[in-house]
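Written out below as structure tokens is the structure these notes cover.
The values are calculated or read from the model by the stated rules, or taken from the named source; none is laboratory data. Quick caveat, the model's predicted, so the values are computed rather than measured. Here Cβ is always computed from backbone atoms with ideal geometry, including for glycine, and neighbour counts include all displayed protein chains. Only protein heavy atoms, including side chains, enter the accessible area calculation; ligands, DNA and RNA are left aside. Shrake-Rupley method; radii C 1.70, N 1.55, O 1.52, S 1.80 Å.
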Amino acid sequence: MKKLYVLYQPFYRDNLRLAIPVVISQLGQVLVQTSDSIIVGQFAGTTALAAVSLVNSVFIVILVIGIGIAYGLTPLIAQENGRENYQACGKLLSGSLTINIISGAILFLSVYFGSVFALNHLDQSPAVIREAKPFLVLMGFSIIPLMVFNTFKQFAEGLGFTKQAMMISIWGNILNICLGIIFVKGLFGITPMGVRGVGLSTVIDRNVMAIVISFYVFRSKHFKKYLSGFQLFKFSKSISKRILAIGAPVAIQYACEVSAFSGAAILIGTIGAVELAAHQVAINLASITYMMASGIAAAAAIRSGNNFGAKNYAMLRLSAISSYHIVLVFMACTAIIFALANHLIPWIYTTDKNVISIAAQLLLIAAFFQLFDGMQVVGLGILRGIGDVAIPACITFIAYWVIGLPVGYFLGMKLGLGASGIWYGLTLGLVVASLLLYFRFNYFSKNLQKTNLTETFV
């Protein structure tokens, strides 16, 4: 064990140094939904909390598609930086900004014209639907500034500058919480807005974050040599293809997993508003640990991209395995917290005892799948870093839509296990995804090492 620790110790330090700011930054994205849920649950009631759950279940699919498309920039930047091709980094930033603004506008229009209409056909409580519609429109609009923010965030992180996006996310969340309370409760003479208040606070927060991070990137001396190739709204077909070749499959990967959980929320909503509110509490907590694990995965992707670009495949494998070790330890800790405090944590969101009772059951299931959730997200990150995205996208689709959600539907709706049964199915999907992605990484990295050895001796 000591020899193993000595071998991986340098990689633990390096990956943690890079990962911790990314973890906090990623956490900031999900804390928007967390703060919205807490504010609404405490100040607006169970029906409003159920409306937030319904909207988040629909909007999260749109959100992760946008995040996935934006993420296509990071491994490319890491690879070009590893090759010391600095001008290419600026060109990639130009292409990514154009793609992300267009994508943000398309995603907003899809929310405005599609998802709002879809709310009427999900067999949900009419009271919940009334609360949900205006909130969904506001959240949809916020995707445009978020895509701008993610462009510069992924650019900076691809170059190893992770702390700045972390700080912007922290202050953005503080702003979102303060404005959310003011708008929902109607402080300082403002008319109480209810659920719409947290939607408006999110729009303001994300616009401010986009402005601040773009100002930082363009004014900081750290990026001067990387921006030589940057031209605002410069469209290059070849660069766009490179970005979307990674970003589109990543978006599919995210969408397959998250849409399965969104589908689960819709199924649970047909059972009742109390069950849906309980699902929102538990899934929001699970989303917090998932996003933190995805920060570790993002750091793994950056280091994998650096090593892949430099053709240092032995270092790539050691760094990647150390990321697996880190995420397993972290998720084991969160699993213990969920298991021991499953009846206490839901009180943060609501005082409804029926909601708390069901949420406590779901948190026990979440405790079990923590390790598998961490493994699968790190596996995806490592494979993205080396540009392997098509096969992982197929794996996520099979795991969640062919296995997870159908099994969950059978257990929850046909066998009458309710919300817990649906979560059992999703857990099975996570187990399948984590194992298949690990096997894929193991196969791919060993082949890279063999290729490198062959080239060395030929």
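Name the shape class, rounded, prolate or oblate, that the alpha-carbon gyration tensor gives for region 232-373, where a ≥ b ≥ c are the square roots of its eigenvalues, rounded holds for a/c under 1.5, and otherwise prolate holds if a/b is larger than b/c and oblate otherwise.
Note, shape of region 232-373 comes out oblate.
In whole percent, how big is the carbon plus sulfur part of the accessible area of the chain, probe 1.4 Å, protein atoms only? Walk me through the numbers before you get to the answer.
Values: 12630 of 18150 Å².
Summing carbon and sulfur atoms, their accessible area is 70 percent of the total for the chain.
Hey, rough spin-label estimate for Ile211 and Arg17, points 7 angstrom out along Cα→Cβ, what's it come to in nanometres?
Taking the two extended label points, one gets 3.5 nm.
Report, please, the projected area of the chain averaged over directions, based on the convex hull of its C-alpha atoms, in nm².
Result: 22.1 nm².
Exposed loop sites here are trypsin sites (Lys or Arg not before Pro) in DSSP loop states with at most 14 other C-beta atoms within 10 Å. What is the longest stretch of the chain lacking them?
84-310
Whole number in Å², please: accessible area per residue of region 225-270, 1.4 Å probe, ligands, DNA and RNA not counted.
I get 43 Å² per residue for region 225-270.
Give me the Kirkwood hydrodynamic radius of region 348-387, using the inverse of the mean 1/r over all pairs of distinct Cα atoms, in Å to one decimal.
It is 12.3 Å.
From the cross-link list Lys224/Lys311; Lys225/Lys446; Lys163/Lys185; Lys153/Lys237, which pairs have alpha carbons spaced over 31 Å apart?
Lys225/Lys446; Lys163/Lys185
Heavy atoms only, probe 1.4 angstrom, no DNA, RNA or ligands counted: give me His343, His279, His222 ranked by accessible area, highest first. Working shown, then result.
Details: His343 110, His279 5, His222 80 Å².
The ranking, largest first, comes out as His343, His222, His279.
Using a/c under 1.5 as the rounded threshold, could you call region 163-284 rounded, prolate or oblate? The axes a ≥ b ≥ c are square roots of the C-alpha gyration tensor eigenvalues, and prolate needs a/b larger than b/c, oblate otherwise. Intermediate values should be presented prior to the final figure.
Values: a/c = 2.92, a/b = 1.35, b/c = 2.16.
Oblate.
R0 = 45 Å: FRET efficiency of Thr351 with Asn312, Cβ-based, nearest 0.05?
Computed FRET efficiency for Thr351 and Asn312: 0.25.
Using r as the Cβ-Cβ distance of Glu84 and Leu340, and R0 as 60 Å, what FRET efficiency do you calculate, to the nearest 0.05?
0.75
For region 338-458, what is the charge dipole size about the Cα centre, in debye to the nearest 20, if Lys and Arg each add +1 at the Cβ and Asp and Glu each add -1 at the Cβ?
I would put it at about 140 debye.
Treating only the Cβ of Lys, Arg, Asp and Glu as charged (+1, +1, -1, -1), what charge dipole size does the chain show about its Cα centre? Round to the nearest 20 debye.
Numbers: 30 positive and 14 negative charges, 289 e Å.
That gives a dipole near 1380 debye.
Subtracting the Cα-Cα distance from 0.36 nm times the residue separation, let me have the gained length for Ser228 to Ala245 in nm, one decimal.
3.7 nm
Using θ = phi - 60° and the Karplus curve 6.51 cos²θ - 1.76 cosθ + 1.60, what whole-Hz ³J(HN,Hα) does each residue of region 324-332 get, with Gly and Pro shown as x?
4, 4, 4, 5, 5, 5, 4, 5, 5
For the pair Thr47 and Gln9, what calculated FRET efficiency results from E = 1/(1 + (r/R0)^6), where r is the Cβ-Cβ distance and R0 = 41 Å, to the nearest 0.05?
0.20
Between Tyr438 and Cys178, what is the label-point separation in nm under the 7 Å Cα-to-beta-carbon projection?
4.5
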